[in-house]
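The values are calculated or read from the model by the stated rules, or taken from the named source; none is laboratory data. Since we're looking at a predicted model, the values are computed, not measured. Positions of Cβ are backbone-derived with ideal geometry, glycine not excepted, and every protein chain shown enters the neighbour counts. Calculation scope for accessible area: heavy atoms of the full protein, side chains included, ligands and nucleic acids excluded. Shrake-Rupley method; radii C 1.70, N 1.55, O 1.52, S 1.80 Å.
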Amino acid sequence: MFIDTHCHLSVEDYDDIDSVILENREAGIDKIIISGCTRESIIESLDLAKKYPDVYVTIGYHPSETDITTYDDIMKLEEQIKQEKVVGIGEIGLDYHYGKENKDAQMHLFRRQLAMADRHHLPVVIHSRDATLDTINILKEFPRVKADIHCFSGSLETAKIYISLGYYLGIGGVVTFKNSKLLSVVKEIGLDHILLETDSPYLTPEPNRGKKNSSKYIPDIAKCIAEGLGISVEEVSKITLENTNTLFDLGSKL
Ligand code: NI
């Protein structure tokens, strides 16, 4: 049994979403959590959650949306998160990869959504790119908010900081890449704070790297971690499922 804790499933990326969901089920993926992080994809993902029993969602405005997200969007988001099967807010965060020009606006949007998560007792899914220190400092302002550091690929030192704050690390296809040090970080920290994710349609794990990603490749990520840690795939599945349910409380949302 597997859950993909973070993926994007949009008509923009997939021609036939129904068949993607069917393929996921055939591959043994029991539930997926879709992240809607733009105005359009938030609506799209909420519709998919209504349509499919195995689809859950996290919604929130990505840092790349900073310049187009309005006050009305945020007001609306606070209503949208009350819908059934919304299990968190995200992906939200900071992204300085293309520059820091709108850093203050990014921080403002990030803080507003963290405050919303705090008010509604929801966990957050964090996007942090080239912005580790600011991300940690802002998260520390909201000590009651639990977090999934999505697509984690940082150092052991950074992993330890996030874990000390009680957060979970979303591990995806990068862990299977030959040139990545991520598996050695996972070996050091163990499975107690790890979630499995694909971040599809991006970052397809080996041996299918280069193809379009989807949740059906979650077992490849689990297998890589199992081999790295010298344990069974079942053990990886069991522990990461427990972590997923602890953070996102899927059981109470059925
Ligand atoms: Ni993502």
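Structure notes:
- Cα→Cβ-extended label distance, 7 Å offset, between residue 161 and residue 105, nm: 2.6 nm
- Reachable aspartates and glutamates, given that their alpha-carbon falls under 13 Å from the alpha-carbon of residue 50 and they are not under 8 places away in the same chain: 84
- Over the chain: helical MRE at 222 nm, DSSP H runs n ≥ 4 each giving -39500 (n - 2.57), nearest 500: -12500 deg cm²/dmol
- Its relative contact order, with pairs defined as Cα atoms under 8 Å and 6+ residues apart, puts the range 88-194 at 23 percent.
- What the chain shows is 46 Å² of accessible area per residue, with the surface traced by a 1.4 Å probe over protein heavy atoms.
- Surface share of carbon and sulfur [accessible, 1.4 angstrom probe, percent] for the chain: 51 percent
- The Kirkwood radius of the chain, taken over pairs of alpha-carbon atoms, gives through the Stokes-Einstein law at 4 °C and 1.567 mPa s a diffusion coefficient of 72 µm² s⁻¹.
- Centre separation in Å (Cα based) which lies between the range 121-185 and the range 21-40: 22 Å
- Lysines with Cα under 19 Å of residue 140, excluding same-chain neighbours fewer than 8 positions away: 103, 160
- Applying the criteria of a DSSP loop state and at most 15 other Cβ atoms within 10 Å to the GluC sites (Glu not before Pro) of the range 4-53 yields 12.
- Taking the alpha carbon gyration tensor of the range 112-245, multiplying each eigenvalue by 5 and rooting it gives semi-axes of 25, 15, 15 Å, largest first.
- GluC sites (Glu not before Pro) restricted to DSSP loop in the range 51-118 with at most 16 other C-beta within 10 Å: 84, 101
- Those aspartates and glutamates that a straight Cα-Cα span of less than 12 Å connects to residue 216, excepting residues fewer than 8 apart in one chain: 4, 23, 26, 30, 197, 199
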